[in-house]
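Structure record follows, encoded as structure tokens.
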Amino acid sequence: MDFAIPDELKMFVATVGQFREKELMPLEHDFLRNGGFPAGVRTELEERARRQGFWALDVPTEHGGQGMGALATCLVAEELFKHPAMFEFGGSPEPVLYAGNEDQRTRFLHPIIKEGRHCCYAFTEPGGGSDFAAIRTTAVPDGESWVINGTKTFISYADRADFVILFATTDRARGAHGITCFLVEKGTPGFSLSRPIPTMGDDWEPHELLFADCVVPDANRLGEVGEGWQLAAGQLTHGRLKIAAFQLGIAQRCIDIAVDWAKQRVTWGKPIAARQGVQWMLADSVTELDAARLLVYRAAWLADEGRPHENEAFMAKLYATEMAQRVTDRCLQILGGLGYSRELPIQSFYRQVRVWRIGHGTAEIHRWMIARNLLGLSSRD
Ligand SMILES: Cc1cc2nc3c(=O)[nH]c(=O)nc-3n(C[C@H](O)[C@H](O)[C@H](O)COP(=O)(O)OP(=O)(O)OC[C@H]3O[C@@H](n4cnc5c(N)ncnc54)[C@H](O)[C@@H]3O)c2cc1C
């Protein structure tokens, strides 16, 4: 397998690094002190990125994007996530929307790509997130419409979203195969954000959503009835790859800070970098980061080749998220008290990375899927 990164892609990623240095780094101190950006800053940053051409990078050209592919998307994510704001360039809708018909692409997909609108993605319910068959939000047909009732929880970016990509059951007896996807616009009667959910992550407050006799036209049903689970599976693979790439940037930044500090900090007459206890933490960290990088790039390369990569994405996300947890912890330890302080981003990364072992499939579910593929078991085993 050839992992060479084309020179033009390296040059592009270098310009993303310049954006991070120029636009994001000056905001880092206040971001860390305040545990987030003031309202409106993300939108302003997205606008600046857009003016510089950083927009809809991974969207296929037939949908009006730049069609840069999975490897480019991962490299860009890696570069941006060296900043703790976890900032992403805009204009990249959830790929599940590519499955829409022409009318849906005009009303939902294109406004994200062309006008900077936003959406959010709602699977998880108070009764569970891992098990699709546990979805209790119902969609019942009523003439040319559907009546939706239920609660979704932990929905990221719901406060910014112009519409929700909602998964509801249309046939409980069929479990995961009775799930259907709907696009529910903000302001639809019966749909509301009931409460924000504070989390241990900086600037990350998902919401609980309520649907009470919420009437959605059949024209807003995405895909076929009962096809929601299949639509979601492809979507989740795409998300897992990006999440795995985030960990690379986070770990690299923490290692860079720890290396600089280890060379400067002197105890008992020697820099701590000269102590084997510190060297081993750094050696393990950089080795694990490299291993994760190869897993991520391989999965992205397979995606760009149009080859199966679901299992590789499971492995990349599982390993990279656990790697990032270990690396942020070791680097924080090398910095001592300073690592724990809000003067530096390591503590922010240390808290943020915890979520990625939960969201988009927990580490346990990833292990289950990898083992199932290895053992040739069916989805019921
Ligand atoms: C900050 C944040 C943002 C989020 N954003 C979104 C979002 O935008 N949209 C969305 O839909 N959801 C979102 N989620 C929800 C997230 O996807 C779920 O938390 C996740 O899927 C796990 O579901 P759960 O929390 O219900 O845990 P559960 O599914 O109840 O699992 C609980 C524990 O049991 C383990 N477990 C469950 N089943 C098995 C099994 N068969 N074998 C072994 N172990 C098992 C799990 O690994 C986990 O450790 C977000 C969560 C957080 C914290």
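The values are calculated or read from the model by the stated rules, or taken from the named source; none is laboratory data. All values derive from a computational prediction rather than experimental measurement. Cβ sites come from the backbone with ideal geometry, for glycine too, and all protein chains shown count toward neighbours. Ligands, DNA and RNA are stripped out before the accessible areas are found, and what is left, the full protein with its side chains, is counted by its heavy atoms. Shrake-Rupley method; radii C 1.70, N 1.55, O 1.52, S 1.80 Å.
Residues that are within 10 Å of the ligand (Cβ to nearest atom) and aromatic (Phe, Trp, Tyr) within segment 181-206 comprise just one, 204. Step by step: first the residues of segment 1-47, then only those that are basic (Lys, Arg) and within 21 Å of the chain's Cα centre (by Cα), then the one that is least open to solvent (accessible area, probe 1.4 Å). Which residue is that? Filtering segment 1-47 for residues that are basic (Lys, Arg) and within 21 Å of the chain's Cα centre (by Cα), the one least open to solvent (accessible area, probe 1.4 Å) comes out as 20. Count of segment 327-353 residues, restricted to those that are touching a residue at least 40 places away in the same chain (Cβ under 8 Å), surrounded by fewer than 16 Cβ atoms within 10 Å (Cβ to Cβ) and either of a type in the set (Asp, Glu) or over 16 Å from residue 262 (Cα atoms) (or both), is 2. Scanning segment 78-87 for residues that are open to solvent by 10 Å² or more (accessible area, probe 1.4 Å) and at pLDDT 95 or above yields a count of 3. For segment 257-270, the tally of residues that are part of a helix (DSSP H, G or I), open to solvent by less than 70 Å² (accessible area, probe 1.4 Å) and of a type outside the set (Gly, Ala, Ser) stands at 3. Considering the conditions (1) closer than 30 Å to residue 147 by Cβ; (2) crowded, with 18+ Cβ neighbours inside 10 Å; (3) of a type in the set (A, V, I, L, M, F, W, C), residue 244 is excluded by exactly one of them, (1).
Yes/no per residue for (1) touching a residue at least 24 places away in the same chain (Cβ under 8 Å); (2) more than 24 Å from residue 315 (Cβ to Cβ); (3) of a type in the set (Lys, Arg):
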position: 203; (1), (2), (3): yes, yes, no
position: 232; (1), (2), (3): yes, no, no
position: 250; (1), (2), (3): yes, no, no
position: 270; (1), (2), (3): no, yes, yes
position: 274; (1), (2), (3): no, yes, no
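Per the conditions (1) open to solvent by less than 50 Å² (accessible area, probe 1.4 Å); (2) at pLDDT below 95; (3) more than 15 Å from the ligand (Cβ to nearest atom), the sole criterion not satisfied by residue 230 is (1).
In segment 24-52, the residues that are closer than 21 Å to residue 349 by Cβ and in contact (Cβ under 8 Å) with a residue 60 or more places away in the chain form Cβ pairs under 6 Å with partners that are of a type in the set (D, E, K, R) and surrounded by fewer than 16 Cβ atoms within 10 Å (Cβ to Cβ), at six or more places apart or across chains, as follows: 32/342; 33/342.
Listed by first and then second residue, the pairs with beta-carbon distance under 7 Å, at least 6 apart or on different chains, first residue in segment 115-127 and of a type in the set (Phe, Trp, Tyr), second open to solvent by 20 Å² or more (accessible area, probe 1.4 Å) and near the ligand (Cβ under 6 Å from one of its atoms), are 123/129. The single condition among (1) under 15 Å from the mean Cα position of the chain (by Cα); (2) open to solvent by less than 20 Å² (accessible area, probe 1.4 Å); (3) of a type in the set (A, V, I, L, M, F, W, C) that residue 154 does not satisfy is (2).
The set of residues in segment 184-210 that are within 17 Å of residue 96 (Cβ to Cβ) and surrounded by fewer than 22 Cβ atoms within 10 Å (Cβ to Cβ) contains only 185. Total residues in segment 124-150 satisfying the condition of being surrounded by fewer than 16 Cβ atoms within 10 Å (Cβ to Cβ) and more than 10 Å from the ligand (Cβ to nearest atom): the figure is 7. Report whether or not residue 99 is more than 16 Å from the ligand (Cβ to nearest atom), surrounded by fewer than 22 Cβ atoms within 10 Å (Cβ to Cβ) and touching a residue at least 60 places away in the same chain (Cβ under 8 Å). Here the answer is yes, as residue 99 does meet what is asked.
Going residue by residue through segment 364-375, is there one that turns out to be among the aliphatic types (A, V, I, L, M), under 18 Å from residue 247 (Cα atoms) and open to solvent by less than 70 Å² (accessible area, probe 1.4 Å)? No, the conditions are met nowhere in segment 364-375.
Taking the criterion of being under 14 Å from the mean Cα position of the chain (by Cα), modelled with pLDDT under 95 and under 15 Å from residue 320 (Cβ atoms), would at least one residue in segment 204-216 satisfy it? No, segment 204-216 contains no residue that is under 14 Å from the mean Cα position of the chain (by Cα), modelled with pLDDT under 95 and under 15 Å from residue 320 (Cβ atoms).
To keep it simple, each residue is scored yes or no on (1) in a helix (DSSP H, G or I); (2) more than 15 Å from the ligand (Cβ to nearest atom); (3) at positive phi.
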site: 323; (1), (2), (3): yes, yes, no
site: 344; (1), (2), (3): no, yes, no
site: 355; (1), (2), (3): yes, no, no
site: 368; (1), (2), (3): yes, no, no
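Within segment 160-180, the set of residues being under 20 Å from the mean Cα position of the chain (by Cα) and within 14 Å of the ligand (Cβ to nearest atom) comprises 160, 161, 163, 164, 165, 166, 167.
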